[in-house]
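K.L.:
Here you go, one structure.
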Amino acid sequence: MQKTTFGERGDLLSFGIPAGETHGRTFAFKPWRTADEKAVCAIRDRNRGITPAAFASEAMAHFLTEWGSADFTKLSIGERRLYLARAYAGDVFQTWIQLRRAAMGDDFDMQLECRSCRTEFVYTADLASLELNVADDGEDLRQQVALLDGFDWRGEDVRTVTIAPLRWSLYETQTASINTGMLKVRAAAQAICGINGKPLAAPLPESALDLTKRDLEAIASALDAETLGPQLAIEEFCPHCGSRVRQSLSWTYDAFFSGKASGRGGA
Ligand SMILES: [Zn+2]
C-alpha cells in the first residue's frame, strides 16, 4: 500500500472492485442541488432508527453515478447499496469524504476537547490534506496472523488465521450501543478469511471464535496496523496547555454535512 492524500488521489478508489489484475477504481457523483437536499432529508425521515453508516450508504447510493467503474445509473438503490456493503470499508469511507468535499469543500470545522485541561477549541481540518492508504493494482491485502494459543474449529487446531480488510457491512450494522469488546469480536469474525493457510468457504460464526485475550488483541492490532483508505484520526495540539489532542474525524452525516463546528462522534 502507498500513502497519499485526498487532494492527490481525486476520484480513484483506494482498492476498488477487482477485475483481473487491475481494479475498477473510478467513481463519480451527480451534483448536490436543492432537490437532492430534500431527498436526503426524506431518506432520514423514512429511516429514523438507521445506523450512521447505513444512512451514509443511502445518501451515497443517491448521489453515485459510477462506483468502482460500475455504472450506477443502471442499478436500483438496493443494488447500489449491496455494492457498498460488500466493499472494503476504506473505499466507502473514502467515497463518503469525497462526497463531502464535492458538496461542501475541504474545510471542516471540528470541536475538539483537550483531555488534560478540558479546553474546547475549534480545529479546521483540511480534507484535501487528509491521508489515505491506497493499494497497488492486483495487490493482495490479506495478511497472516500467528496465534499464540489458537482455537479449535471443527476438530482442527487453528494456529494461524488469514485476515482481509473490514467490509463496509460491518459498519452498517454498528449501533451506538455496541461495546468495544463485541465490536472487536465481530470485526475479527468478519476479517478472518482463512485458517492454517487454507481459505474458508464461509465466514466463521462469532460463536466459533473462542480466542484468548492476547490472540484477539493480535488480530485487532493487525487490522488496525495499516488500514486501507482514509486515516480518520485527527491530531492537534491544545492551544492552552500544548497537550496532544487526538480524535476521530466526525464523519456522521449531521456533523460532516453541516456548516457548524461539530463535537465528538463518528467511528
Ligand atoms: Zn489542554
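K.L.:
Just checking, which of ARG48, ARG100, ARG25, ARG44 is assigned to a loop (DSSP other than H, G, I, E, B) and not aliphatic (A, V, I, L, M)?
P.N.:
Answer to the check: ARG48.
K.L.:
On to the next question. How about the stretch 117-136: which of its residues are in a strand (DSSP E or B), more than 16 Å from the ligand (Cβ to nearest atom) and either more than 17 Å from the chain's Cα centre (by Cα) or aromatic (Phe, Trp, Tyr) (or both)?
P.N.:
Residues satisfying the conditions are THR124, ALA125, ASP126.
K.L.:
Condition first: out of contact with any Ser or Thr (no Cβ under 7 Å at 6 or more places or on another chain) and in contact (Cβ under 8 Å) with a residue 24 or more places away in the chain. Now tell me which residues in the stretch 1-15 satisfy that.
P.N.:
Listed by number, the residues that qualify are MET1, GLN2, LYS3, THR4, PHE6, ARG9, LEU13, SER14, PHE15.
K.L.:
I'm trying to understand the selection: among the residues of the stretch 207-240, which are part of a helix (DSSP H, G or I) and in contact (Cβ under 8 Å) with a residue 60 or more places away in the chain?
P.N.:
Hits for the stretch 207-240 are ARG214, ASP215, ALA218, ILE219, ALA222, LEU223.
K.L.:
Same structure again: Please verify whether the stretch 137-145 includes one or more residues that are away from the ligand (no atom under 16 Å from the Cβ), free of Cβ contacts under 8 Å to residues at least 40 places away in the same chain and at negative phi.
P.N.:
yes
Here is a yes/no grid of residues against (1) surrounded by fewer than 19 Cβ atoms within 10 Å (Cβ to Cβ); (2) within 16 Å of the chain's Cα centre (by Cα):
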{"position": "VAL145", "(1), (2)": "yes, no"}
{"position": "ARG159", "(1), (2)": "yes, no"}
{"position": "ALA176", "(1), (2)": "yes, yes"}
{"position": "PRO205", "(1), (2)": "yes, no"}
{"position": "ASP215", "(1), (2)": "no, no"}
{"position": "GLY242", "(1), (2)": "yes, no"}
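K.L.:
Is it the case, given these coordinates, that LEU64 is within 16 Å of the ligand (Cβ to nearest atom), of a type outside the set (Ser, Thr, Tyr) and crowded, with 17+ Cβ neighbours inside 10 Å?
P.N.:
No; evaluated as a whole, the condition is false for this residue.
K.L.:
Here is a follow-up. State the number of residues belonging to the stretch 106-116 that are part of a loop (DSSP other than H, G, I, E, B) and within 16 Å of the ligand (Cβ to nearest atom).
P.N.:
The total comes to 3.
K.L.:
Of the numbered conditions (1) in contact with a helix residue (DSSP H, G or I) (Cβ under 7 Å, 6 or more places away or on another chain); (2) modelled with pLDDT of 95 or more; (3) among the hydroxyl-bearing types (Ser, Thr, Tyr), THR212 satisfies every one except a single condition; which is it?
P.N.:
(1)
K.L.:
Quick test for you: out of SER129, SER116, SER76, pick the one residue that is closer than 23 Å to THR5 by Cα, surrounded by fewer than 21 Cβ atoms within 10 Å (Cβ to Cβ) and not assigned by TED's automatic domain parsing to the domain that holds ALA188.
P.N.:
SER129
K.L.:
Also: Inspect the stretch 230-250 for any residue being closer than 25 Å to MET182 by Cβ and within 16 Å of the ligand (Cβ to nearest atom) and give the result as yes or no.
P.N.:
yes
K.L.:
Okay, moving on. In the stretch 83-112, how many residues are exposed (fewer than 15 other Cβ atoms within 10 Å of the Cβ) and closer than 25 Å to ASP224 by Cα?
P.N.:
Here the count works out to 1.
K.L.:
Condition test on ILE192, is it within 21 Å of the chain's Cα centre (by Cα), loosely packed, with under 13 Cβ neighbours inside 10 Å and hydrophobic (A, V, I, L, M, F, W, C)?
P.N.:
Answer is no for this residue.
K.L.:
Go through the residues of the stretch 85-105 one by one and say whether even a single one is within 27 Å of SER250 (Cα to Cα) and within 16 Å of the ligand (Cβ to nearest atom).
P.N.:
no
K.L.:
Considering only residues that are surrounded by 15 or more Cβ atoms within 10 Å (Cβ to Cβ) and either among the β-branched types (Val, Ile, Thr) or in contact with a helix residue (DSSP H, G or I) (Cβ under 6 Å, 6 or more places away or on another chain) (or both), which ones fall in the stretch 6-25?
P.N.:
PHE6, LEU13, SER14, PHE15, ILE17
K.L.:
Which one is nearest to ALA201 (Cα to Cα), of the residues in the stretch 136-163 that are modelled with pLDDT under 95 and small (Gly, Ala, Ser)?
P.N.:
GLY155
The values are calculated or read from the model by the stated rules, or taken from the named source; none is laboratory data. Predicted model, so just to flag it, every value in this text is computed and none were measured. When we count neighbours, we look across all protein chains shown, and the Cβ atoms used for this are built from the backbone with ideal geometry, even at glycine.
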